[in-house]
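Input: a single structure, listed below in C-alpha cells.
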Amino acid sequence: MRYELLKYNRIRDLRNDNKYSQAKVAEHLNVAQNTLSQYELGERNIPNEVLVQLAIFYETSVDYLLGLTDERDPYPRKRLR
C-alpha cells in the first residue's frame, strides 16, 4: 500500500539536494537504511517522531514535508530543553 507520495518525494529530494546517502540519513534517524528507503518510496508510513527529526535535520517544517505548504523555511520554533 502506498501512502501519499508528495511527502515521500520531498524527503528523498531533500536528501538528494543535500547530497546525503540513505545510510547517512538513516543513521541520523536511528533507523535501518531499508526503512528509510521504504519511507521514501511510500511503502511505509513515517512516524510523527521521525517527521519531526527530519524537519529539524533539514531545517524545514513538518508542514513542508507533508506537502501542506511549499514554503521550505520553518516557522520559529520553541526552544527545546
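The values are calculated or read from the model by the stated rules, or taken from the named source; none is laboratory data. Owing to the predicted nature of the structure, the values given are computational and were not obtained by experimental measurement. As a convention, Cβ positions derive from the backbone with ideal geometry for all residues, glycine included, and neighbour counts pool all protein chains shown. These accessible areas exclude ligands, DNA and RNA; they are computed on the full protein's heavy atoms, side chains included. Shrake-Rupley method; radii C 1.70, N 1.55, O 1.52, S 1.80 Å.
Is the range 38-81 rounded, prolate or oblate when judged by the Cα gyration tensor, a ≥ b ≥ c being the square roots of its eigenvalues, rounded requiring a/c under 1.5 and prolate requiring a/b larger than b/c?
Numbers: a/c = 2.67, a/b = 1.47, b/c = 1.82.
It comes out oblate by the Cα gyration axes.
With a 1.4 Å probe and every protein chain left in place, work out the accessible area per residue of the chain in Å², rounded to a whole number. Each step should come with its number before you reach the end.
On the way: 5670 Å² over 81 residues.
In whole numbers, the chain has 70 Å² accessible per residue.
Amide H of residue 31 versus every other amide H placed in the peptide plane: which residues, excluding those fewer than 5 positions away on the same chain, fall under 5 Å?
Distant-sequence amide H within range of residue 31: zero hits.
Hey, rough spin-label estimate for residue 21 and residue 79, points 7 angstrom out along Cα→Cβ, what's it come to in nanometres?
Here the modelled spin labels are 3.8 nm apart.
Let me have the relative contact order for the chain, percent, based on Cα pairs under 8 Å that are six or more residues apart.
Details: 73 pairs, mean separation 24.9, N = 81.
Averaging sequence separation for qualifying contacts and normalising by length gives 31 percent for the chain.
Two decimals is fine: what's Rg over Rh for the chain, C-alpha atoms, Kirkwood radius as Rh? Before the final figure, lay out the partial values.
Details: Rg = 12.1 Å, Rh = 12.8 Å.
Ratio value, two decimals: 0.94.
As a test question: what accessible area, to the nearest 10 Å², does residue 59 have when a 1.4 Å probe is rolled over all protein chains in place?
It works out to around 140 Å².
Ignoring ligands, DNA and RNA, what percent of the 1.4 Å accessible area of the chain is carbon and sulfur? If you can, show how the numbers build up before the last one.
Details: 2610 of 5670 Å².
C and S atoms contribute 46 percent here.
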